[in-house]
Structure formats: structure tokens, C-alpha cells
Amino acid sequence: MHDSKLPPLPELPMDRLLNFSTPVSWGITDTQRFHHLMDEAKSLVSGGYYFGDNLFTWGRNNSALEDTAFTQSLAANVQNGSDEAITWRRYLLACSAAHAIHLEGDFVECGVYLGTGMKTVIDYFGKEAFGKTFWGYDTFDYHPTQGHGFDGQQAGLFQKVQERFADYPQVRLIQGFLPDSFAQGCPERIAYLHIDLNNAEGEIASLEHLWDRIVPGGMVVLDDYEWSGIYRPQKRAEDLWFQQRGYRVFPLPTGQGFVIKR
Ligand SMILES: C[S@@+](CC[C@H](N)C(=O)[O-])C[C@H]1O[C@@H](n2cnc3c(N)ncnc32)[C@H](O)[C@@H]1O
């Protein structure tokens with residue numbers, strides 16, 4: 001049986017072993033020595049390794065790289081080295097979307113930045129084939145936490161991101177500080193929610209506003225949940241918030257976490 005809502009998966013040659021390697025990871029004290037040692041480590045493992053975004057695994061299928069609809073979407077949308085490094089994270093978004101596309105309700109991303117996450121997901125299905133409304137919330141032109149701005153977060157960014165989605169009538173971009181900007185528009189029913197604000201207050205406030213709108217089976221992906229250090233307050237806040245509702249977040253090796261609404 002073929003489900004026309006999903007992009008087809010290609011035939012799998014049984015002898016294929018794909019490797020993925022990017023120089024982009026974070027929290028490294030001596031970059032040169034680290035990469036020297038990792039080059040040696042890669043040479044000592046069986047193939048099928050993924051190296052980047054603070055992950056080093058081997059003996060993996062690297063499914064993201066085998067799904068040609070995804071690799072094409074990723075390649076068409078990559079803006080910088082970080083986008084490439086987070087290939088596995090992005091593929092988890094695409095797979096979450098492949099689950100949520102069958103449910104009633106819209107797609108939502110809190111924390112859009114350049115829109116690459118949203119666009120990679122939509123293009124995975126095919127621009128015209130993606131039949132959901134996708135809402136994206138961000139301040140765009142500035143980062144709400146001083147000193148945390150991303151490259152290009154300055155006056156004019158919102159317009160640039162709007163231009164990126166000019167041919168995507170399914171996309172509704174809302175500019176403003178969350179949770180206040182939900183007042184400008186917010187879907188009644190949500191099938192897919194990606195929260196990527198990098199701060200506990202904004203993420204909890206977004207969950208408070210959106211949780212009851214998520215349909216049973218709806219996917220919630222928390223981009224920073226399993227990252228330690230400066231991101232740890234997000235885990236603490238989200239663990240408590242979900243515990244009160246009888247949920248445990250699935251921690252992922254990619255640094256993300258996810259929950260499926262009952
Ligand atoms: C890591 S970036 C998002 C990346 C994007 N999800 C992607 O996949 O490419 C985080 C974004 O969250 C936004 N942000 C953080 N707190 C916010 C808040 N309270 N209201 C609106 N936007 C916020 C920042 O402006 C920034 O653009």
C-alpha cells in the first residue's frame with residue numbers, strides 16, 4: 001500500500017554504508033586536537049558513522065541520508081554550516097511531520113529565525129503537496145535575550161524570511177515576542193509543534209498557550225531539551241511542566257526531546 005501523503009522512500013541496496021561528517025560541533029576546547037583525534041577515531045570504527053552536532057555514532061544506517069526527498073530538501077535549504085551539521089535533528093522534524101500530516105490540525109514552529117527548519121519540512125513533502133497551514137512565530141529582527149542574537153538578526157530580517165516563503169501560501173509568519181504575539185493569530189487545532197526558543201520562559205509560556213490546542217497524537221518537538229549547560233534550565237522547567245500533566249519527555253541523542261500528546 002502506498003500513502004500518497006508521504007514522499008516515497010527509495011530502494012535500499014543491502015550493501016550500502018553511508019558516512020556523515022561535518023566540522024561543526026560545539027563546546028570544544030582545542031578544536032585542532034579534537035578534530036585530529038576524531039579523524040583517527042573515524043578510521044578505527046566500522047562505517048556508517050555520523051559525526052557532527054556533538055554526535056559521534058557508528059554502525060548506523062544514517063536513514064536521513066538514504067531518504068532522497070529529505071536530502072534534496074535539506075540541500076535546497078541549507079544556509080550555513082550549522083544547518084548541515086544538524087541533519088539528523090532536521091530529519092527527526094521531517095519524520096515528526098510525516099506522522100502529524102495525517103492528523104487534524106495545523107503545524108506550528110515557535111522560534112523560526114531564517115525559516116530553514118520550516119522550509120526543510122515543507123519541501124520534504126513538496127511545496128505544493130504540503131497541504132497543512134504552517135504557523136511560524138519569532139521576533140525575527142532582534143533576539144529577545146540580549147547578547148544571544150543570531151547572524152542577521154537585525155532590522156529587515158522579517159522581510160527577508162517573508163520573501164523566502166513568498167511562494168508558500170500555506171505559511172503564516174507572525175512577528176513579535178512570545179507569548180504575546182499569539183494574540184495576532186493562533187490555530188485552534190495543532191498537529192505538529194516545534195519549540196526552538198532557546199529559553200525556558202518563552203518555551204513554557206508557549207506550551208501553556210498551545211498545549212490544549214494540540215490534537216491527540218500530535219507531536220511536540222523541543223529542540224534544546226537534552227542539551228546540558230546553558231540549556232539545562234529548559235529541561236528542568238519542561239520536566240516539571242510535563243510531569244504535572246503525566247508526561248515524560250523522550251530525550252534524544254540529537255539534543256532534542258519529544259512528546260506525543262495522548
Ligand atoms: C535557534 S533559533 C530558531 C531556529 C529555527 N527553529 C530553525 O530550525 O532554523 C531561536 C529563535 O527563537 C527566537 N525567540 C526566542 N525567544 C523568543 C520569544 N520569546 N518570542 C519570539 N521569538 C523568540 C529568536 O529570535 C531566534 O530567532
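The values are calculated or read from the model by the stated rules, or taken from the named source; none is laboratory data. Computed from a predicted model, the values in this text were never measured in an experiment. FYI the Cβ positions are ideal-geometry reconstructions off the backbone, even for glycines, and counts take in every protein chain you see. Just the protein is used for accessible areas: all its heavy atoms, side chains included, with ligands, DNA and RNA removed. Shrake-Rupley method; radii C 1.70, N 1.55, O 1.52, S 1.80 Å.
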Which numbered condition GLN184 misses (of (1) under 18 Å from MET118 (Cα atoms); (2) touching a strand residue (DSSP E or B) at 6+ places or on another chain (Cβ under 8 Å)): (1)
Residues (open to solvent by 30 Å² or more (accessible area, probe 1.4 Å), more than 9 Å from the ligand (Cβ to nearest atom) and either closer than 17 Å to VAL121 by Cβ or outside the structural domain of ARG90 (by TED's automatic domain parsing) (or both)) located in the stretch 186-198: none
Residues within the stretch 51-94 that are among the aliphatic types (A, V, I, L, M), part of a helix (DSSP H, G or I) and closer than 17 Å to LYS119 by Cα, tallied: 9
Residue that is surrounded by the most Cβ atoms within 10 Å (Cβ to Cβ), among those in the stretch 136-159 that are on the phi > 0 side of the Ramachandran plot and more than 9 Å from the ligand (Cβ to nearest atom): GLY152
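Quick grid of which residues meet (1) modelled with pLDDT under 95; (2) touching a Ser or Thr at 6+ places or on another chain (Cβ under 8 Å); (3) farther than 23 Å from PHE125 by Cα; (4) in the same structural domain as ASP151 (by TED's automatic domain parsing):
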| residue | (1), (2), (3), (4) |
| --- | --- |
| ASP39 | no, no, yes, no |
| ASP53 | no, yes, yes, no |
| ASN62 | no, no, no, no |
| THR68 | no, no, no, no |
| LEU74 | no, yes, no, no |
Any hit, the stretch 18-34, residues being in a helix (DSSP H, G or I) and touching a residue at least 12 places away in the same chain (Cβ under 8 Å): no
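Condition check ((1) more than 18 Å from TRP241 (Cα to Cα); (2) free of Cβ contacts under 8 Å to residues at least 24 places away in the same chain; (3) surrounded by fewer than 20 Cβ atoms within 10 Å (Cβ to Cβ)) across all residues:
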{"residue": "ARG164", "(1), (2), (3)": "yes, no, yes"}
{"residue": "GLN170", "(1), (2), (3)": "yes, no, yes"}
{"residue": "GLY176", "(1), (2), (3)": "yes, no, yes"}
{"residue": "GLN184", "(1), (2), (3)": "yes, yes, yes"}
{"residue": "ALA200", "(1), (2), (3)": "no, no, yes"}
{"residue": "GLU203", "(1), (2), (3)": "no, no, no"}
Any hit, the stretch 113-135, residues being more than 7 Å from the ligand (Cβ to nearest atom), open to solvent by 30 Å² or more (accessible area, probe 1.4 Å) and either farther than 29 Å from PRO7 by Cα or touching a His at 6+ places or on another chain (Cβ under 7 Å) (or both): no
Criterion: more than 13 Å from the ligand (Cβ to nearest atom) and either open to solvent by 40 Å² or more (accessible area, probe 1.4 Å) or under 13 Å from the mean Cα position of the chain (by Cα) (or both) - qualifying residue of ALA76, ALA69: ALA76
